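Where a number appears in this text, it was derived from the coordinates with a stated rule and is not lab data. A quick note: this is a predicted structure, and the numbers were derived from the prediction, not measured. Cβ placement follows ideal geometry from the backbone for every residue including glycine, while neighbour counts extend to all protein chains displayed.
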C-alpha cells in the first residue's frame with residue numbers, strides 16, 4: 001500500500017503479527033518435512049529438541065532408488081525443453097511482431113488456444129501420438145508437446161513489439177537479413193524476458209508429473225518427480241523419514257536455486273505476469 | 001522488403017512452432033472429438049462407430065458426476081481463497097513491514113516445490129494420530145480425526161493443499177502490479193483525507209483488475225489441470241470423494257484402458273476450458289479499468 | 001500390428017548394427033519389470049539375484065526394472081505391450097491374469113515349458129497359489145512372491161491389558177473383546193491406542209476377503225465372469241468390519257491408510273494390525289517389542305485370500321527371449337531360492353519343498369511365526385479376480401470405502417457394487 005498512509009502503532013502491530021503468523025503457518029509444512037528428514041525415524045513424530053541430526057535418511061533414500069539417474073533425466077528434460085522453446089518461440093514471436101502475412105490473426109488466435117488448453121489435459125491423445133511416432137518412454141516424448149510454448153510466444157511477441165523500429169531499420173540499412181536483425185537487435189534487448197521465461201519454464205517442467213508418469217516406463221527416461229512417486233508409493237511400509245528425505249532431495253535444486261536467487265526468481269515471475 | 005517475401009518469411013519463421021502446436025494441441029483436440037464417437041479397440045479388432053454411446057455412458061456414470069461436482073467445489077474452494085490470500089500477502093510484502101523479505105520467501109516457497117513433493121509432505125501432515133495436524137488440533141482440544149480418510153473432510157484437505165501451493169504464485173503477480181501503481185496516487189488520496197480502506201477499495205483494487213483477471217483465469221485453469229496431489233494423497237478416494245475430472249480421465253484412460261470413454265470425458269474438460277476462454281474474452285474484458 | 005514408425009525404423013537399424021558388432025556373441029536380453037510391495041531393500045536383492053543368474057547363464061542378460069507398486073507395474077507393462085515393446089517378463093498381481101489374457105499380452109507356460117522337468121516344476125507349487133494362476137486348463141502365471149493376510153499383535157500391550165500375551169484372538173468374538181481391552185483413550189476421549197487396525201486404502205477388497213472367507217463365502221466364480229457382492233454372508237462380513245469402528249469403537253473410523261499401518265504398529269498406536277505376511281521382515285526389524293503373528297480370526301471357518309505376484313511371460317517377446325524368461329522364472333523359484341526369498345522378505349515360500357530345505361527349517365525353528373502364513377494356506381482362497389478386473393475391483397473398493405466412512409449402509413454399498421460389477425462384466429463379454 002502507499003507510503004502516504006502511515007498506520008497507527010496499534011494497527012501496525014496487529015498487521016505485523018497477523019502477517020508473521022501467516023508466514024509461520026505457511027512455512028510450517030516444509031519445516032516439518034525438514035525436521036523429519038534430518039532426524040532418525042524414531043523422532044519423525046516426536047519433537048525432542050536434542051534429537052540427533054542425521055544424514056542417514058538421505059543415504060537410504062539415495063540407495064533405494066536410482067536418484068542420480070532421475071536427476072540426470074530431469075536435468076536433460078528441462079534443458080532440452082528450454083532450448084527448443086527459446087528457438088521456436090523466438091522465431092514465432094518475431095514473425096508475429098514484425099511481419100504481416102496471410103492468416104496472421106487467425107494463426108495468433110490458434111496459438112492462444114494453447115494458453116487455455118495445455119498439453120496436460122490432452123494426455124490420452126498425445127499418448128497415442130507418441131506411440132505412433134514410436135518414441136514412447138523417452139525424454140523427448142515428455143518434452144515434445146511443450147516445446148512450442150504459446151506462453152513464450154506471447155511474452156516474446158510483446159517484448160519484440162516494444163523494440164523501437166529505428167533499431168530494426170538501422171540494421172536493415174546495413175544490409176542485415178531478417179534473421180540477422182533478429183539475432184543482433186531483438187534477442188539482446190529481450191534478455192530480461194528470456195530470463196523470466198526461462199525460470200518459469202524450468203520451474204514448470206522440473207515439477208511436471210502426470211504426463212511424464214504416463215509416458216515413461218523405465219529408469220532411463222523417468223524424471224525425478226515420477227521417481228519420487230514410484231519410490232514413495234504406499235504399498236511399501238511408509239517410512240516418513242526416508243520419504244521426506246527423498247522429497248527434499250527432489251525439490252532441492254529448485255529450492256536452493258530459489259533461496260540463492262530470490263530476487264531474480266521473483267522479478268522473473270513478476271515480469272512474466274506483466275501483460 | 002518486398003511484400004510477397006514478408007508473407008513467406010513470416011510463415012517460415014512461424015512454421016516450426018506452428019507444426020508442433022498443430023501436432024500436440026490442435027490435432028489432439030480434433031482427435032479427441034473424433035475418438036469419442038467410437039468404442040475402444042480391443043485385442044486385434046478395430047474400433048466400431050458407436051455414435052453418442054460414450055456420452056450416454058457418461059451421463060449414467062456416477063463417478064463422472066461426482067468428479068464434476070468435486071471439481072466445482074474444488075474450484076470454488078481454491079480460487080477465491082487463494083486470490084484473496086495472494087492479494088493480502090502482496091499488500092503486506094509490498095509495504096514497509098518488518099521481515100518482509102522473509103515473509104516473501106515463506107509465501108513463495110511452496111510454488112517452487114513439485115506438487116507431488118507438496119502432496120507427500122501434506123500427507124504426512126494429515127496422518128492420523130501422529131501427524132503434525134493431529135498434534136496441533138489436540139493442543140486446542142479438537143477431537144482426533146481421520147482427515148484424509150473420511151468423505152466429509154478429504155476434499156477440504158486437498159483444497160487446503162492447493163491453496164497453500166498457489167497463493168504464493170499469485171502473490172507475485174499482485175506484487176508486480178502493485179509496484180506499477182504510481183505513489184503519487186496514494187499521496188493525492190491521503191491529501192484529500194481518504195482513509196486507507198477507501199484508498200484500497202476505490203483506487204488500488206480497481207487498478208488491480210487486469211491482474212485479478214489474469215490470476216483468476218490461471219486459477220480456473222489450474223483447478224482443472226492440476227491433479228498430481230490427488231494421485232499421491234488419495235487416489236480419488238475415499239469412495240471418489242476427491243476424484244476430479246482429469247483424475248477420472250487418467251483412471252479411465254490409463255488404469256481401465258478405455259480410451260474411447262476417456263476421449264468423451266476429455267471433451268467435457270475441453271468444453272469447460274473453451275468456455276473459460278470465451279468468458280475471459282467476452283465478458284470480463286468489458287469491466288476492467290485500464291490505466 | 002507394429003506400425004512403421006520413425007522410432008521403430010531407427011531402432012531396427014540400431015539393432016542391426018548392434019547385432020553385427022556383437023558378431024557371434026549372441027545375447028538374449030530379458031527385460032523384467034518388478035514391483036516392490038513391501039518394505040526393505042528389495043531392489044538390491046533383485047539386482048543381486050539377476051547378477052547371479054547371469055553368471056550361471058552367460059548367454060542371457062537380465063535387465064530388472066523397478067516399476068513401483070503392483071498397480072503401476074501392470075499399467076507400465078500394458079502400456080509397453082500396447083506400444084509394441086513389452087517387457088519380456090514381469091511380476092504382476094496374480095489377479096491381473098484375466099486382464100492380461102483379454103489384452104492378448106501373455107503366453108501360457110504350458111506352451112513354453114514342455115519338458116518333463118518343466119511340467120514337474122509347474123506342478124510343484126502350493127495349490128492355493130495356483131488358483132489365481134490357472135484358467136481354462138492352462139497355466140498363465142508362476143507364483144513368485146505370494147502372501148496371505150496375517151494378524152500381528154503386540155505382546156507387551158497384551159500383557160498391559162491383562163491378556164495372555166501368547167494367545168491371539170481365535171475368532172471374531174474374541175477379536176472384539178481383546179480389542180476393547182486394548183483400546184486406550186486420553187482425558188479428552190481421543191484414542192491414543194487402538195485395539196485393532198485393518199487398513200482400507202488402495203485395495204480394501206483384499207482385506208475384505210479376510211472377513212468374507214472366514215464367513216464362508218466367495219466373491220466371484222473361478223472363470224472370473226460373475227461376482228457375488230450382495231450375498232447375505234458378504235454383507236454380514238462388511239457389517240462386522242464397519243462395526244469395529246462404529247459400534248465397538250476399537251478401530252479408527254473412515255479409510256485407514258495401508259502404508260502407515262506397520263508404522264502405527266511400531267509406534268504402539270495399534271495393538272493388533274492386519275497386513276500382508278510380506279511385511280514380516282519389516283516388522284521383525286522395526287518393532288522394538290515382542291510381537292506375535294497369527295492366522296486371521298475365524299467366523300464360520302478359518303481363511304484368508306492369497307495375494308501377491310506371479311511371473312508372466314509376454315507374447316510379443318521373441319521366442320528366444322521367452323525361453324530365457326522361463327529359464328529365469330525356473331531359476332528364481334528353485335526350492336532354495338524360493339526359501340531365500342521368503343526369508344529375505346516375509347513372503348510365503350511358494351513351494352512345499354522350499355520349506356523342507358535345511359536353511360528354511362532352521363529359520364523356522366528360530367523364528368516360528370514365519371510359518372504361520374504357510375499354515376494358513378490350507379484355508380486360503382483365490383484373490384478377487386475377474387475380467388476387466390480394475391473396473392470391477394474399483395466398484396467393490398468404492399463400496400467398501402463408502403460403508404467404512406458411513407456414507408452408505410453395508411447392505412446398500414454392496415448392492416450398488418454388485419449392480420455396477422454386473423454391468424461391467426456384461427459389457428466385457
Computed over chain C: relative contact order in percent, which uses C-alpha pairs under 8 Å that are six or more apart: 24 percent
I'd like the FRET efficiency for residue C:119 and residue C:426, computed as 1/(1 + (r/R0)^6) with the beta carbon distance as r and R0 of 41 Å, rounded to 0.05. 0.65
Working from Cα positions, state the angle (0 to 90°, nearest 10) between the long axis of helix C:335-345 and the longest principal axis of chain C. 50 degrees
Rg/Rh of the range A:9-59 (Cα atoms, Kirkwood Rh), to two decimals, equals 1.23
Alpha-carbon centroid distance for the pair the range C:320-360 / the range B:85-122, whole angstrom: 53 Å
Semi-axes (Å, rounded, descending) of the ellipsoid equivalent to chain B per its C-alpha gyration tensor are 39, 32, 17
Longest principal axis of chain A (C-alpha) makes with the long axis of helix A:191-207 (C-alpha) an angle, in degrees to the nearest 10, of 40 degrees
Just to be sure I understand: if I project the alpha-carbon convex hull of chain C onto a plane and average over all orientations, what area do I get in nm²? 22.4 nm²
Just grab the label-to-label distance for residue A:262 and residue C:228, each label 7 Å out from Cα along the Cβ direction, in nm (one decimal). 6.6 nm
Considering the alpha-carbon set of the range B:66-185 alone, what are its Rg and its Dmax in angstrom? 16.9, 55
If we count other beta carbons within 10 Å of each Cβ, what is the order of A:199, C:92, fewest first? A:199, C:92
FRET efficiency for residue A:109 and residue A:21, Cβ-Cβ distance as r, R0 = 56 Å, nearest 0.05? 0.75
Highest-MSF residue in chain B out of B:137, B:234, B:127 [GNM, Cα springs under 10 Å]: B:137
Based on the Cα atoms of the protein assembly as shown, what semi-axes does the equivalent ellipsoid have, where each is the square root of 5 times one gyration tensor eigenvalue, given in whole Å with the largest first? 50, 36, 26
May I ask for the angle, rounded to the nearest 10°, between helix C:172-182 and the longest principal axis of chain C, with both axes built from Cα atoms and the value confined to 0 to 90°? 70 degrees
Other chains near C:249-259: what is the mean number of their Cβ atoms within 10 Å of each residue's Cβ? 6
What's the average, rounded to a whole number, of partner chain beta-carbon atoms within 10 Å of each residue's beta-carbon in A:20-31? 6
Exposure proxy order (Cβ contacts within 10 Å, fewest to most) of C:344, C:164: C:164, C:344
Three principal axis lengths of the range C:25-144 [C-alpha, angstrom, descending]: 36, 33, 32
Footprinting exposure proxy for B:252, B:81, A:24 (fewest neighbouring C-beta atoms within 10 Å first): A:24, B:81, B:252
Taking the DSSP beta bridges in the protein assembly as shown as the whole, what percent of them are antiparallel, to the nearest 5? 65 percent
Most fluctuating residue of A:107, A:84, A:246 in a GNM of chain A with Cα springs under 10 Å: which is it? A:107
Only helices counted: for chain A, with every DSSP H run of 4 or more residues adding -39500 (n - 2.57) and the sum spread over all residues, [θ] at 222 nm is -22000 deg cm²/dmol
Residue A:42-residue B:61 pseudo-label distance in nm [points 7 Å out on the Cα-to-Cβ vector]: 5.1 nm
